[in-house]
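What follows is a set of notes on a single structure, which appears directly below.
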Amino acid sequence: MDALQNTYGDSALSALTAHTAPHELERLLEIDIESEHADISSRIAFSLSKILRENPSKISAEIVKNIEIPENSLVSSVKAVGPYINFYASELFFEKSLREILGGICFHRKGRVIIEHTSANPDGPLHIGHLRNACIGDALARILRHAGYDVETQYYVNDMGKQVAILVSGMRYMKIDEKKKIDHAIAEIYVKANKIIEEDEEKMREVEELMRKYEQGDSETVRKYEEVVEKCLNGIRETLHKLGIYHDRFVWESEFVRSSDVSDVVKALERSGRLIVHGNAVLLKMESVDKDLVIRRSDGTSLYSTRDIAYHRWKSERCDFMIDVLGKDHELVAKQLGEALDILGVKRPEILIFEFVSLPEGSLSTRAGRFISVDELIERAVARAYEEVARRRDDIDEEKKRKIANIVGIGAMKYDMVRVSPEKNMVFNIEEAIDIEKKGAPFIQYAHARASSILREAEKRGISDNGVNKNDLKNDLKIEHSSERALLMKLAMFDAVILRACDERKPHIVAKYARELAEVFNQFYRDCAVLSARDDVRSSRLLIVKCVRSVLKTSLNLMGIEAPEEM
RNA sequence: GGGCCCGUGGCUCAGCAUGGACAGAGCACCGGCCUUCUAAGCCGGGGAUCGCGGGUUCAAGUCCCGCCGGGUCCGCCA
């Protein structure tokens, strides 16, 4: 800014700042972080050229001439390249970022947040669509938590739907296959019962009867429901736990019917004057979407959407904001929910919509029994990883091989789900997902294992990194190679990446960063020998490796992926 | 029919919010690199009308309009 002023005097500066608040300084300077040509670059000459009616390249050259870099600056040099002004980071900048990483970067996002994800119906095992939901939701929860938020994850149990009623009715005349994993056995019953009901009206009436009784809280019906729902949930939880995904709380939608929550919501909506009576049913007039919301059926029973309103009102009282991770098919319903909550004066949840996952052979359907279960996927991914481990490591025992295969196989699956931006449709090709992709999780895990290996070896040889515990690393950091510098730069971006992924609710940003960090680390690994370097360089590099390992591990963990010490 | 999302090398994706320096990766393909900290790695090569057409701009993959293709939703289901 000073340079700008020295170059063109107050007139240009005031012309530029006339409509700009001071906090928009960054915008004003048109700064590009981590462009490929510089560490930081400014495009301000473009906008100045308009005001000054002057060639932008000339302007940037003039500005650079007037820039004086102070002692101990985070910037080491400035260059004008055509219309661009390029800034380059100093060693001090890298030292500062390493110190922050070693000290544990502290983020200061504050507030309580409830993230709801997965919430699969308790009528069978998780399939590939749920996997995407769970992986995105879990990663998001981890990222927000890391950024400082107080996060609670919830699984909303849809126990009042027709599906569950069909299942409960099927349990009357069918037995659970004990040999199978419980959620799979339940799905079998559900599919069969569904077929039977299609052809048998008597059975259909029975289902409706069950739904009525459950809503009324008939104790025998409730007991039957709870038994089967709980069983299925156990199966689902087992799958989620294999993936390292744990919900803090399971909330049953029936709770809101049995308490007065649902009826309270209906009463409150009545007071809004937006309800329309249609026969015996009650509808809520919608303005933002072209579809009114049914609040109560003709027979007086509640609907999913009504209970969902009650659930969100309940949630909203327990947090500062909430995020729902939902499939694209829920978009309209989510909009209706939002408007209903507006009417009630309850804050809306943020909705993170993810697009559908389809199979190469067509769409998925639980009802038709056409899906790939997550359990099957896990099994195949881990088996594939095991082949790989067995091929490379005959020096380790069986247990270790299995452990690594588990970490790698599951990591590959999860990474595949997180790396793609949620709004993209995905065609899920099982062979490709299971394939230990070159630049997927295994690639990042491998880089972590390499870093760990260096540090392990250093310890074994009794080599210490002198700089680690010093408050001032100055003169300890030796940057001798361009790969080293590139790695340090990438490391320095870490905190910005986390905050961006957090604030924009985009876990895939972390996925991309982790892959890039692994890549530059591998290049560093090729170019810069650590243990055999001369003493001062060695301790500097050891320090860098330590930071890389830490950041790789954190990045993987933010995606819910484990970082193996060796593989 | 209407709403929303997607359309970037053969395949899978990043980049689009806040327009700028040659459109980046990976897979697959071709060719190199293990006496040195794990080759699940590294280096090099070929391969792209950024769906199509218009507009705004000094500058468009990015913003606006129209169209085409794919997905999804439009139940007193959840």
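The values are calculated or read from the model by the stated rules, or taken from the named source; none is laboratory data. Here the structure is a predicted model, which means the values were calculated and not measured. Note that we place each Cβ from the backbone using ideal geometry, even for glycine, and neighbour counts take in every protein chain shown.
Would you pick out the residues in region A:291-349 that are β-branched (Val, Ile, Thr), touching a residue at least 40 places away in the same chain (Cβ under 8 Å) and away from RNA strand B (no atom under 13 Å from the Cβ)? Break it down into steps so the answer makes sense when it comes.
Narrowing region A:291-349 to residues β-branched (Val, Ile, Thr): A:294-295, A:301, A:306, A:309, A:323, A:325, A:333, A:343, A:346.
After this cut, where a residue has to be touching a residue at least 40 places away in the same chain (Cβ under 8 Å) as well, the list is A:301, A:306, A:309, A:323, A:325, A:343.
Residues satisfying the conditions are A:Ile323, A:Val325, A:Ile343.
How many residues, within region A:267-290, are touching a helix residue (DSSP H, G or I) at 6+ places or on another chain (Cβ under 7 Å) and more than 14 Å from RNA strand B (Cβ to nearest atom)? Of the residues in that region, 4 qualify.
When the residues of region A:417-445 are filtered to those that are more than 8 Å from RNA strand B (Cβ to nearest atom) and in a helix (DSSP H, G or I), the one that is farthest from the chain's Cα centre (by Cα) is A:Glu431. Checking each residue in region A:227-282 for being out of contact with any Phe, Trp or Tyr (no Cβ under 8 Å at 6 or more places or on another chain), of a type in the set (D, E, K, R) and touching a residue at least 60 places away in the same chain (Cβ under 8 Å) picks out A:Lys242, A:Asp248, A:Arg274.
Filtering region A:263-284 to residues that are loosely packed, with under 14 Cβ neighbours inside 10 Å and among the basic types (Lys, Arg) leaves A:Lys267, A:Arg271. Using the structure shown, decide if A:Arg249 is within 30 Å of A:Ile407 (Cβ to Cβ) and not β-branched (Val, Ile, Thr). Judged against the criteria, A:Arg249 is a match. Only one entry in A:Arg505, A:Arg526, A:Arg500 is at pLDDT 95 or above and either in a loop (DSSP other than H, G, I, E, B) or of a type outside the set (A, V, I, L, M) (or both), namely A:Arg505.
Taking the numbered list (1) in contact with an Asp or Glu (Cβ under 9 Å, 6 or more places away or on another chain); (2) surrounded by 14 or more Cβ atoms within 10 Å (Cβ to Cβ); (3) within 23 Å of A:Lys512 (Cα to Cα) in turn, A:Asn425 passes all entries but (2).
Elements of the type strands (runs of 3 or more DSSP E) sitting completely within region A:214-329 and holding at least 2 residues that are aromatic (Phe, Trp, Tyr): these cover A:249-252.
Scanning region A:209-223 for residues that are closer than 12 Å to A:Ser254 by Cα and among the hydrophobic types (A, V, I, L, M, F, W, C) yields A:Met211, A:Val222.
So that you can scan it fast, the table gives a plain yes or no per residue for (1) of a type in the set (A, V, I, L, M); (2) in a helix (DSSP H, G or I); (3) at pLDDT 95 or above; (4) more than 14 Å from RNA strand B (Cβ to nearest atom):
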position	(1), (2), (3), (4)
A:Glu95	no, yes, no, yes
A:Ile105	yes, no, no, yes
A:Ile136	yes, yes, yes, no
A:Leu140	yes, yes, yes, yes
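When A:Gly560 is tested against (1) crowded, with 23+ Cβ neighbours inside 10 Å; (2) in a helix (DSSP H, G or I), exactly one condition is not met: (2).
For A:Asp248, indicate whether it is within 16 Å of A:Leu337 (Cβ to Cβ) and either touching a helix residue (DSSP H, G or I) at 6+ places or on another chain (Cβ under 8 Å) or more than 11 Å from RNA strand B (Cβ to nearest atom) (or both). Reasoning before the result, please.
Numbers: within 16 Å of A:Leu337 (Cβ to Cβ): no; either touching a helix residue (DSSP H, G or I) at 6+ places or on another chain (Cβ under 8 Å) or more than 11 Å from RNA strand B (Cβ to nearest atom) (or both): yes.
So A:Asp248 fails the test.
The set of residues from region A:63-98 being crowded, with 19+ Cβ neighbours inside 10 Å and of a type outside the set (A, V, I, L, M, F, W, C) comprises A:Pro83, A:Tyr84, A:Asn86, A:Glu95, A:Ser97. Taking every residue in region A:202-224 that is closer than 12 Å to A:Ile166 by Cβ and pairing it with any residue that is among the aliphatic types (A, V, I, L, M) and away from RNA strand B (no atom under 16 Å from the Cβ), at least 6 positions away or on another chain, the pairs with Cβ-Cβ distances below 6 Å are A:Lys203/A:Ile196. Does A:Ile85 qualify as being in a strand (DSSP E or B) and more than 17 Å from the chain's Cα centre (by Cα)? For A:Ile85, the condition - in a strand (DSSP E or B) and more than 17 Å from the chain's Cα centre (by Cα) - is met.
Results for (1) under 19 Å from A:Glu459 (Cβ atoms); (2) within 11 Å of RNA strand B (Cβ to nearest atom), shown as yes or no for each residue.
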position	(1), (2)
A:Tyr513	no, yes
A:Glu516	no, yes
A:Glu519	no, yes
A:Asn522	no, yes
A:Asp527	no, yes
A:Val530	yes, yes
A:Ser539	yes, no
A:Arg549	yes, no
A:Glu562	no, no
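Return the residues of region A:382-401 that are basic (Lys, Arg) and exposed (fewer than 10 other Cβ atoms within 10 Å of the Cβ); say none if nothing qualifies. Residue satisfying the conditions is A:Arg391 alone. Residues of region A:446-466 that are more than 7 Å from RNA strand B (Cβ to nearest atom), exposed (fewer than 15 other Cβ atoms within 10 Å of the Cβ) and in contact (Cβ under 8 Å) with a residue 60 or more places away in the chain: A:Arg456, A:Arg461, A:Ser464. A:Met171 fulfils the conditions (1) away from RNA strand B (no atom under 16 Å from the Cβ); (2) among the aliphatic types (A, V, I, L, M); (3) in contact (Cβ under 8 Å) with a residue 40 or more places away in the chain; (4) closer than 25 Å to A:Arg249 by Cβ except for a single criterion, (4). Going through region A:293-335 one residue at a time, which ones are surrounded by fewer than 16 Cβ atoms within 10 Å (Cβ to Cβ) and over 31 Å from the mean Cα position of the chain (by Cα)? Those that are surrounded by fewer than 16 Cβ atoms within 10 Å (Cβ to Cβ) and over 31 Å from the mean Cα position of the chain (by Cα): A:Arg297, A:Ser298, A:Asp299, A:Gly300.
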